[in-house]
Amino acid sequence: QDEEKWDFVLVSDIHEVGSEKEIKRKKFLDELSKKGFTIKKIEDKKLFYGVRAPKQIFQKYQGLLRKPDNRLQNPNVHQDIPVTTRIRIVNFILQNTTTPDLEKLHDLMKKKVFEATFPLHKKEEAREFLKEKWARWRGIFCQQPIEKIRCYFGEKVALYFAWLGWYTCLLGIAAAVGTVVFVAGITVFSSSQVSKEICEASNTIMCPLCDQKCSFWLLSDTCTYAKVTHMIDNEGTVLFAMFMAIWATVFLELWKRQRATVVTNWDLNRWDEEEEELAMELINNLQHEPQQYQHSYFRSTIILLLVLLMIAVLIGIAHALVIYRVIAMALFTQSNFTFLREQANMMAVMTGAVLHYITIVIMTKVNRRVALYLCDLEKPRTFSQRENNFTVKIFTFQFFTNFSSLIYIAFFLGRINGHPGNYVRIAGKWRLEECHPSGCITDLFIQMAIIMLLKQTISNVMEYLIPWIAHKLRKKQQRPKKRHMILGEEEEAEDPCKRQWLSNYQLNEVNIFSLFDEFLEMVIQYSFTTIFVAAFPLAPLLAFCNNLFEIRLDAIKMMRLCRRMVPRKANDIGIWLHVLEAIGILAVIGNGLVIAITSDFIPMQVYKYTYSPCMTENNTGVDCLTGYINHSLSTFRIQDFEPYTNGEPGLALTGLCCRYRDYRNADDYSYTVQFWHIFAARLAFLILFEHVALCVKLIAAWYVPDVPQSVKNQLLDRKHSNLREELRWVMPQKV
């Protein structure tokens, strides 16, 4: 039975005898044979080569990487090597075996000499357990068997699921708080003084929202919109934004503790990736010389310039989305359909959000190619270094792809559009969009809601359906050939390996970035959950629900739909931790800016404590926000409109002035004192919020130790017992 345990399978098309591909394949397999590999060939519609490494390779590995405390023990004792380590070593040797033509497996696969290479899903105890208990939808609320995942997929995959499980668990708390804040907003849906004033403002005539076919309108027409805005934009949102800034820090600190506990149980604290790589290089080739560390300032400058160019392109795409919204708004307002005319702004926002989602899907593919190209230019020394460089670049590009449009809506929409009589225009023709008199935060809420819902529904459905359909199609195409029986011929027994190798080949291909893609998806989601959470308190709830399915979805994909991943050793989640810490800081800045700039929280507070009836008339019997809407609207004389503003007269007959959202004087349209007062208050709040939030983050980081005391004591006891054992060997034996 032991003879039939194969480490890897190489798949090739059946090439003509004597063809270049056949010769290259033979040379590669000969090199493996020289290294002592056993090779078994099975022919079907394709050629399958099973390879098994000799025991000496694993004995060398154990000898080189034996722990210092075990060095004094019997050097001839070799314990069984874990299957994950075995696969990792064999994969390394396969990838680094060079033919006489100086070609490696990677080059041969590019030239279609080999079509695929993969380790096998075997009937191991861990696999059966994971298939039954973990890769099932019914286990959605059950704890994950991290130890079993590690035994089957290696430490890197196990740490991903440990992190994802921990993140989802703590998301539950944030989701609960966010839902409470949102529900609290719904309860005050109709009771806000500001929305009451908007609903009662049946005499307030507003300036037209576009140049052609737009009539003057009554402020009271947008009563429902105002109520929805106040549902999102209230005092609870400010507290929730502060809570999420602290939550992000506490989550990371608690994850560091969790990771320390897990890694100590795996005995990986002193594991060194570089040492392991050097050991495998020497096992593969005793004459190997390590590649030296290199750094070129010229190359770094070129890469930096190319990264900045790519970011400029992504910002340009965000500009294109802005232009789309402006033109869509103009076209919708000129539409013959009454509904489109009346809901022009809402339609422009919603179609803009869908278009933004489509650009995210397309640019994700482009960003990957660009990031890989830039990594090739950098010429990193090791795979690990290459992965880190790639992570930083792809995350930067994805961040701008996902957030540049949101940044415009949050911080620029309605602030750079000028005022009636002097609008800022695109190509001198189309006016930039304006905010509703009750604020811009609802636009940001709609954009966030649409993108998050589309990303989490369509993306997840595609993530599951595409591999499932591909697996079914491959299974159909690759049915084994049935031999026609000749009369009297005995049926030949089928090789037991054949069925196993074929069934593994029919599964979907995995590559070195399969796990990376899962991490990137979750980190982008984490960004949505924390950075603009002040505008969308339901973000943690959506993320929490998504992740419950995501864990099982990834499990089913890995166990049932995809070939076995090559296990990788790791003792942390690598550079992703630094990325998450950077997002934590961006979350503080982002939420501070949303409250200070996007939200109407600051103008309301300035009015409440400076200009309200409570302050000026000492009148305590009225709501302190009485008169806020009238105070926040400026007056414009209709005769000062630009010549090509041809609004429908509608309500214009009842007066010679219209109102618009801004703080400007009625005579020369310059900014009023109140504008500068609010501007100073916004700035002061931003500085205060960010400093307080960052201080609380630092205190939380200090208060929660990275490594639990029990783990520290465990390591201390281990070191102590090892030293005592060593001392016993060093001390001369008593006669």
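Does VAL307 satisfy being surrounded by 14 or more Cβ atoms within 10 Å (Cβ to Cβ), farther than 30 Å from ASP211 by Cβ, out of contact with any Gly (no Cβ under 9 Å at 6 or more places or on another chain) and touching a residue at least 12 places away in the same chain (Cβ under 8 Å)?
Against the criterion (surrounded by 14 or more Cβ atoms within 10 Å (Cβ to Cβ), farther than 30 Å from ASP211 by Cβ, out of contact with any Gly (no Cβ under 9 Å at 6 or more places or on another chain) and touching a residue at least 12 places away in the same chain (Cβ under 8 Å)), VAL307 qualifies.
So is ILE93 at pLDDT 90 or above and open to solvent by less than 40 Å² (accessible area, probe 1.4 Å) or not?
When the stated conditions are applied, ILE93 passes them.
Under the condition of being at pLDDT 85 or above and farther than 19 Å from GLY414 by Cβ, which residue from the range 202-215 is surrounded by the most Cβ atoms within 10 Å (Cβ to Cβ)?
Here the residue is ILE205.
Conditions: (1) open to solvent by less than 30 Å² (accessible area, probe 1.4 Å); (2) assigned to a helix (DSSP H, G or I); (3) under 30 Å from TYR526 (Cα atoms). LEU268 meets all but one. Number of the miss?
With respect to (1) open to solvent by less than 30 Å² (accessible area, probe 1.4 Å); (2) assigned to a helix (DSSP H, G or I); (3) under 30 Å from TYR526 (Cα atoms), LEU268 is out only on (2).
I need a count of the residues in the range 535-545 that are under 16 Å from ILE140 (Cα atoms) and open to solvent by less than 10 Å² (accessible area, probe 1.4 Å).
Of the residues in that region, 1 qualify.
Among all residue pairs at least 6 apart or on different chains, which show Cβ distances below 8 Å where the first residue, located in the range 273-299, is closer than 17 Å to LYS379 by Cβ and the second is among the basic types (Lys, Arg) and open to solvent by 60 Å² or more (accessible area, probe 1.4 Å)?
Correct list of pairs: GLN294/LYS379; ARG299/LYS379.
Take the conditions within 20 Å of LEU586 (Cα to Cα), open to solvent by 60 Å² or more (accessible area, probe 1.4 Å), more than 18 Å from the chain's Cα centre (by Cα) and not acidic (Asp, Glu) and apply them to PHE383. Does it pass? Even if it seems obvious, please write down each step before you answer.
On the way: within 20 Å of LEU586 (Cα to Cα): no; open to solvent by 60 Å² or more (accessible area, probe 1.4 Å): yes; more than 18 Å from the chain's Cα centre (by Cα): yes; not acidic (Asp, Glu): yes.
It is false that PHE383 is within 20 Å of LEU586 (Cα to Cα), open to solvent by 60 Å² or more (accessible area, probe 1.4 Å), more than 18 Å from the chain's Cα centre (by Cα) and not acidic (Asp, Glu).
If I ask for residues that are under 20 Å from ILE146 (Cβ atoms) and among the β-branched types (Val, Ile, Thr), which ones from the range 544-598 would you list?
ILE551, ILE556, VAL566, ILE573
Run ALA260 past the list (1) open to solvent by 30 Å² or more (accessible area, probe 1.4 Å); (2) in a helix (DSSP H, G or I) and report the number of the one that doesn't hold.
(1)
Which residue is surrounded by the fewest Cβ atoms within 10 Å (Cβ to Cβ), if the candidates are limited to the range 726-735 and must be modelled with pLDDT under 85 and assigned to a helix (DSSP H, G or I)?
Applying the first criterion (modelled with pLDDT under 85) to the range 726-735 yields 726, 728-735.
Next, from what is left, pick out any that are assigned to a helix (DSSP H, G or I): 726, 728-730.
Values: GLU726: 14, ARG728: 10, TRP729: 10, VAL730: 7.
Ranking the candidates gives VAL730 first.
Do we find that LEU686 is under 30 Å from TRP255 (Cα atoms), modelled with pLDDT of 85 or more, part of a helix (DSSP H, G or I) and open to solvent by less than 40 Å² (accessible area, probe 1.4 Å) in this structure? I'd like the intermediate steps shown before the answer.
On the way: under 30 Å from TRP255 (Cα atoms): yes; modelled with pLDDT of 85 or more: yes; part of a helix (DSSP H, G or I): yes; open to solvent by less than 40 Å² (accessible area, probe 1.4 Å): yes.
It is true that LEU686 is under 30 Å from TRP255 (Cα atoms), modelled with pLDDT of 85 or more, part of a helix (DSSP H, G or I) and open to solvent by less than 40 Å² (accessible area, probe 1.4 Å).
Looking at LEU593, is it open to solvent by less than 20 Å² (accessible area, probe 1.4 Å), more than 30 Å from ILE81 (Cα to Cα) and not polar (S, T, N, Q)?
Against the criterion (open to solvent by less than 20 Å² (accessible area, probe 1.4 Å), more than 30 Å from ILE81 (Cα to Cα) and not polar (S, T, N, Q)), LEU593 does not qualify.
Output the number of the condition that ASP517 fails; it satisfies all remaining conditions of (1) over 14 Å from the mean Cα position of the chain (by Cα); (2) free of Cβ contacts under 8 Å to residues at least 24 places away in the same chain.
(1)
Restrict the check to the range 188-205 and report whether at least one residue is under 34 Å from the mean Cα position of the chain (by Cα) and among the hydroxyl-bearing types (Ser, Thr, Tyr).
No: zero hits.
What are the pairs with Cβ atoms under 6 angstrom where one residue, in the range 172-193, is outside any helix (DSSP H, G or I) and the other, located anywhere, is modelled with pLDDT under 95 and not basic (Lys, Arg)? Sequence gap at least six, or different chains.
Matching pairs, first to second residue: PHE189/MET231; SER192/HIS230.
If only one of LEU444, LEU454 is within 24 Å of the chain's Cα centre (by Cα) and open to solvent by less than 20 Å² (accessible area, probe 1.4 Å), which one is it?
Every option except LEU444 fails the conditions.
For the range 182-201, state whether one or more residues are among the hydroxyl-bearing types (Ser, Thr, Tyr) and under 30 Å from LYS156 (Cβ atoms).
Within the range 182-201, the first condition is being among the hydroxyl-bearing types (Ser, Thr, Tyr), and the residues that meet it are 187, 190-192, 195.
Okay, now just the ones that are also under 30 Å from LYS156 (Cβ atoms), so none.
No, the range 182-201 contains no residue that is among the hydroxyl-bearing types (Ser, Thr, Tyr) and under 30 Å from LYS156 (Cβ atoms).
What number of residues within the range 1-44 are open to solvent by 60 Å² or more (accessible area, probe 1.4 Å), closer than 15 Å to ASP495 by Cα and in contact (Cβ under 8 Å) with a residue 40 or more places away in the chain?
2
Would you mention how many residues in the range 415-452 are small (Gly, Ala, Ser) and in a helix (DSSP H, G or I)?
Total meeting the criteria: 1.
With respect to VAL366, is the statement that it is closer than 19 Å to GLN385 by Cα, at pLDDT 90 or above and either aromatic (Phe, Trp, Tyr) or surrounded by 14 or more Cβ atoms within 10 Å (Cβ to Cβ) (or both) true?
No: the conditions fail for VAL366.
Please indicate, with yes or no, whether at least one residue in the range 493-503 is among the charged types (D, E, K, R), modelled with pLDDT under 85 and within 32 Å of the chain's Cα centre (by Cα).
no
Quick check: is even one residue across the range 155-170 at pLDDT below 90 and open to solvent by 60 Å² or more (accessible area, probe 1.4 Å)? Step through it out loud before you land on a result.
Our first condition is that a residue be at pLDDT below 90; within the range 155-170, this holds for none.
For the range 155-170, residues at pLDDT below 90 and open to solvent by 60 Å² or more (accessible area, probe 1.4 Å): absent.
Which one of VAL392, VAL326, VAL313 is among the aliphatic types (A, V, I, L, M) and over 23 Å from the mean Cα position of the chain (by Cα)?
The unique qualifying residue is VAL326.
Yes/no per residue for (1) open to solvent by 100 Å² or more (accessible area, probe 1.4 Å); (2) among the polar types (S, T, N, Q); (3) not in a loop (DSSP other than H, G, I, E, B):
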position	(1), (2), (3)
ALA693	no, no, yes
ALA700	no, no, yes
VAL707	no, no, no
ASN713	no, yes, yes
ARG718	no, no, yes
SER721	no, yes, yes
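The values are calculated or read from the model by the stated rules, or taken from the named source; none is laboratory data. Treat the numbers as computed from the prediction; the structure is a model and nothing was measured. All Cβ positions, glycine included, derive from the backbone under ideal geometry; neighbour counts span all protein chains shown. Areas reflect the complete protein model, heavy atoms only, side chains present, ligands, DNA and RNA absent. Shrake-Rupley method; radii C 1.70, N 1.55, O 1.52, S 1.80 Å.
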